[in-house]
Each structure stands twice: as C-alpha cells, then as structure tokens.
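One structure is given below, encoded as structure tokens.
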Amino acid sequence: MRTLLSISAALLWTLLSSLPAPAYVPPPEKIAAAVATANQNAGRFRLLEVKVALYLGDSEQPVATGELLSDPGGLSRLEIRSPEGVVERHLLRGGELLASRDGLPLGAPRPFLPPFSLLQAKTGGVLMTSLRTLGVSAHEVALGYEGEHDCYVLGGRTPSSGVALPDPQPALWVDQESLEPVRFDRGDGVRFRLGSYVAFGSIRLPSWIEIGDSRGFLARLEVLSAEPVSPSPGSFGRDWLSAP
C-alpha cells in the first residue's frame, strides 16, 4: 500500500512540475511608471503639434489633412480639412469628447481623435489618473497579444466567451519590452491600433494610428511630422470648436 502511495505521489509531482509556471505580471503602478519613463525618453512629454493625414477604409488617398494638438495632462484636439474645404474639429477633455463640422456641433462624431495624451504622461500617477478618467479600471492588469507584441493590458481583458457582453472593457495595451503603447480599447467598441514607432526629429511617435469599431468602421491617421509647441490660452476650450 505504501509503495502504491509513493508511486502515486511521484507521478503527481512529475505532472505538476511539468506544468508551465504562471507568468509574472507586475503591479499596474509599476507598469504605469515604466510607461511614463518610456514617454519621457521618447520626447513625448511636452505639448505637441502633430501633422496628420486621414484615410478612410482602404483608400490610398487621404480624405483630409490637419493638425493634432495634445497635452500630457489629458487634453487633445484635432482639426482636419477636406479638399472641398469642410473643417471638422474634435476635442477631448478628459473623458469628454466634443466635435463640430464647419462650426456646428456634431452629436455623434466619428472616432478620429485617439487619446493621444496617454503617449505623453510624464509620471505613472498621471497615466493612472488619465486611464481612470477614460473609464479604464487602472488597478487591473492582464497579459495579451496584439499582433507581434506581447503586452501588459492595463484595465484587464474582455473575457473571450460565447456570451454577448454589454460593453467591451476599456484598456491600454503596452508592449512588454519597449513599454510603448500599441493599442487602446474604448468602452464603446472603438479600438485604436498604433503602428511602428519612428523618430520625428527628437520625438518618437507611432507612424500611424488605425481606428476601427465593432460595426466595421475603419480609418487611419498617418503621422507626417511632429514638434513641441508653446501653450496658448484657450487652446483646449470649448469655444475653439466654433471659432472661425
């Protein structure tokens, strides 16, 4: 009897020791601090003006060009102009998104403006606050894959199951090696995927940002140039949406 028990115990130990060890997941505060350090090293922690071109669907020609202005504290704005002269403005103030077309308010704006300030947060605390403002459960962290990237997922992952969920889980996906963001999921199904990072002078930014949602909408912002600028009063005020 003892011999059988010993054999059973040995087999159990062999089975357990052959299982892969669970991957270590750092606490979210540590990940956020490392992301903020990467932001600083990439020169993104200042007020930036980014020239962009907007593509819709599979189009090879841009439908509009414009400027994205973004502040590390959580404020971003985007102005795009079509060849026909139509002007759209999008303003993100924390978790509030506003937009206008030719000075008139847009009730349901298309998701052209990514939460760009997440690439600029100078400290882990600022990043965690910005994530919470955007509806992310910043205290949760999981592991995931985005393309070729092994990622930390701040905010956790939406469970994969056959049960329909009311809303996707907002989350920031960060490459485990570079600690640079590669994806952001909004709570309404909009997803921003970030392309490979390249240098624009002293500033390292994604070369493009792909925008998609659960209804098949697809767009892409191509980054053309970037430079730090000095702040000016009213840059992110509501009045900018209707200003001439």
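Quick notes
- Looking across V87, V63, one residue alone is in contact with a Leu (Cβ under 9 Å, 6 or more places away or on another chain), surrounded by fewer than 17 Cβ atoms within 10 Å (Cβ to Cβ), more than 15 Å from I209 (Cα to Cα) and of a type outside the set (S, T, Y). It is V63.
- Some residue of the stretch 147-158 being farther than 30 Å from P244 by Cα, over 12 Å from the mean Cα position of the chain (by Cα), outside any loop (DSSP other than H, G, I, E, B) and acidic (D, E): yes
- Residue match in the stretch 48-61 (condition: touching a Pro at 6+ places or on another chain (Cβ under 8 Å) and either over 24 Å from E222 (Cβ atoms) or hydroxyl-bearing (S, T, Y) (or both)): yes
- Meets criteria (part of a helix (DSSP H, G or I), touching a residue at least 24 places away in the same chain (Cβ under 8 Å) and surrounded by fewer than 17 Cβ atoms within 10 Å (Cβ to Cβ)) for G125: yes
- Of all residues in the stretch 172-193, those satisfying the criterion of being farther than 21 Å from P109 by Cα and of a type outside the set (V, I, T) are L172, W173, D175, Q176, E177, S178, L179, E180, P181.
- Restricting the stretch 34-46 to residues that are crowded, with 19+ Cβ neighbours inside 10 Å and farther than 18 Å from S207 by Cα, the residue that is farthest from the chain's Cα centre (by Cα): A36
- Residue pairs meeting the criteria (Cβ under 9 Å; at least 6 apart or on separate chains; first at positive phi, in the stretch 224-244; second not in a loop (DSSP other than H, G, I, E, B)): G234/W240
- Considering P231, P244, the condition of being over 19 Å from the mean Cα position of the chain (by Cα), assigned to a loop (DSSP other than H, G, I, E, B) and under 18 Å from G94 (Cα atoms) is satisfied by P231 alone.
- The stretch 191-225: number of residues that are within 18 Å of the chain's Cα centre (by Cα) and in a strand (DSSP E or B): 21
- Which listed residue, of G57, G66, is over 30 Å from G124 (Cα atoms) and touching an Asp or Glu at 6+ places or on another chain (Cβ under 7 Å): G66
- Meets criteria (farther than 16 Å from A64 by Cα, touching a residue at least 40 places away in the same chain (Cβ under 8 Å) and either acidic (D, E) or not in a loop (DSSP other than H, G, I, E, B) (or both)) for S100: no
- Qualifying residues in the stretch 66-76 (those that are surrounded by 19 or more Cβ atoms within 10 Å (Cβ to Cβ) and out of contact with any helix residue (DSSP H, G or I) (no Cβ under 7 Å at 6 or more places or on another chain)) - the one farthest from V136 (Cα to Cα): G66
None of the figures in this text is laboratory data; all of them are computed from the coordinates on show. Values in this document were obtained by computation on a predicted structure and should not be read as measured data. All Cβ positions, glycine included, derive from the backbone under ideal geometry; neighbour counts span all protein chains shown.
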